[in-house]
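Data first, discussion second: the structure below is written as structure tokens.
The values are calculated or read from the model by the stated rules, or taken from the named source; none is laboratory data. What you see is a predicted model; the values in this text were computed from it and never measured. Cβ sites come from the backbone with ideal geometry, for glycine too, and all protein chains shown count toward neighbours.
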Amino acid sequence: MRNKVSIGEYLAFLSIKYEVDPDKLFYALISAEKNQKSTCGNLSIKCRGKLRDKIVLLITKGSKVIAQFPIPNDFLLERNNPIKTLRKTNVLRRHLIKKNKGPHFLPIRDLRTGMKQVNLKAEVLEIARPILVFTRFGNYASVANALITDETGTIKLCLWNEQIKSISVGDTVQIENARVSTFRGERQLRIGKNGMLSIVEDIDFPLEKLHNL
């Protein structure tokens with residue numbers, strides 16, 4: 001397996017990961033070069049500067065930085081969209097296979113009270129101050145609610161003991177095998193003993209693997 005990928009393959013990966021049309025992404029890059037900024041789906045693209053034969057592009061999603069990298073001017077002058085072509089390479093195929101084999105993630109808007117074995121990815125917006133409660137098992141425990149969000153909505157996530165310190169505001173978290181309940185009229189996610197809470201990188205295709213440009 002290669003240790004490095006081209007800028008085209010990386011952009012093709014971004015088009016898959018963020019579900020944007022490769023043609024729209026390519027033309028958004030060209031527009032950012034000409035007009036300093038552009039948008040493509042839920043991504044914003046800004047031109048941060050120009051070098052002799054390259055431009056430096058910044059890609060963000062909301063307030064989160066996705067990537068910043070130099071891109072050769074020649075790449076944007078290609079007649080045939082290289083991003084669309086490179087989506088078919090083996091490295092991208094492997095990513096799609098891995099993605100399809102993984103757990104099925106639900107958007108927050110589709111969560112309903114009573115659902116079990118829920119998987120989702122979301123960003124942590126805030127974490128309330130923990131409080132000490134006496135449980136039905138006869139012991140004390142720390143509990144705190146975190147507010148998490150994706151593109152479709154927000155929901156509270158109930159955190160217990162060591163879970164509270166395992167995540168921070170701004171983290172992207174992956175939740176598996178959770179259940180949806182209602183507490184004081186609000187939907188709430190709870191992670192049982194068979195559930196899992198982990199922090200994931202927003203980009204799982206490292207930018208440092210790009211060829212030196």
Query raised in the report: Of the residues 121, 165, which single one is surrounded by 15 or more Cβ atoms within 10 Å (Cβ to Cβ), of a type outside the set (A, V, I, L, M, F, W, C) and modelled with pLDDT of 85 or more?
Result: 121
**Report entry** residue 107 vs. criteria over 23 Å from residue 195 (Cβ atoms), surrounded by 12 or more Cβ atoms within 10 Å (Cβ to Cβ), out of contact with any Pro (no Cβ under 8 Å at 6 or more places or on another chain) and modelled with pLDDT of 75 or more
**Finding:** no
Query raised in the report: Any chance the range 83-100 includes a residue that's modelled with pLDDT of 85 or more, out of contact with any Asp or Glu (no Cβ under 7 Å at 6 or more places or on another chain) and either surrounded by 11 or more Cβ atoms within 10 Å (Cβ to Cβ) or small (Gly, Ala, Ser) (or both)?
Result: yes
Query raised in the report: Has the range 118-139 got any residue that is under 27 Å from residue 19 (Cα atoms), part of a loop (DSSP other than H, G, I, E, B) and in the same structural domain as residue 186 (by TED's automatic domain parsing)?
Result: no
**Report entry** For residue 40: the one exception among (1) farther than 20 Å from residue 151 by Cβ; (2) modelled with pLDDT of 90 or more; (3) touching a Lys or Arg at 6+ places or on another chain (Cβ under 8 Å)
**Finding:** (1)
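Does residue 205 satisfy the condition of being of a type in the set (A, V, I, L, M, F, W, C), in contact with a Phe, Trp or Tyr (Cβ under 7 Å, 6 or more places away or on another chain), at pLDDT below 90 and assigned to a loop (DSSP other than H, G, I, E, B)? It would help to see each step written out before you state the result.
Working: of a type in the set (A, V, I, L, M, F, W, C): yes; in contact with a Phe, Trp or Tyr (Cβ under 7 Å, 6 or more places away or on another chain): yes; at pLDDT below 90: yes; assigned to a loop (DSSP other than H, G, I, E, B): yes.
Yes.
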Requested in this report: Specify which of the listed residues (25, 58) is buried (at least 20 other Cβ atoms within 10 Å of the Cβ), in the same structural domain as residue 83 (by TED's automatic domain parsing) and closer than 27 Å to residue 172 by Cα.
Outcome: 25
Report summary line: Given (1) outside any helix (DSSP H, G or I); (2) modelled with pLDDT under 85; (3) not assigned by TED's automatic domain parsing to the domain that holds residue 180, residue 78 misses just (2)
Query raised in the report: Does residue 16 satisfy the criteria of being within 19 Å of residue 150 (Cα to Cα), touching an Asp or Glu at 6+ places or on another chain (Cβ under 7 Å) and not in a loop (DSSP other than H, G, I, E, B)?
Result: no
Report task. Can you run down the residue pairs with Cβ atoms below 9 Å, 6 or more apart or on separate chains, where the first is in the range 36-53 and in a loop (DSSP other than H, G, I, E, B) and the partner is among the aliphatic types (A, V, I, L, M) and modelled with pLDDT under 90? Result -> 41/20; 42/20
**Report entry** Any chance residue 66 is among the aliphatic types (A, V, I, L, M), surrounded by 14 or more Cβ atoms within 10 Å (Cβ to Cβ) and more than 20 Å from the chain's Cα centre (by Cα)
**Finding:** no
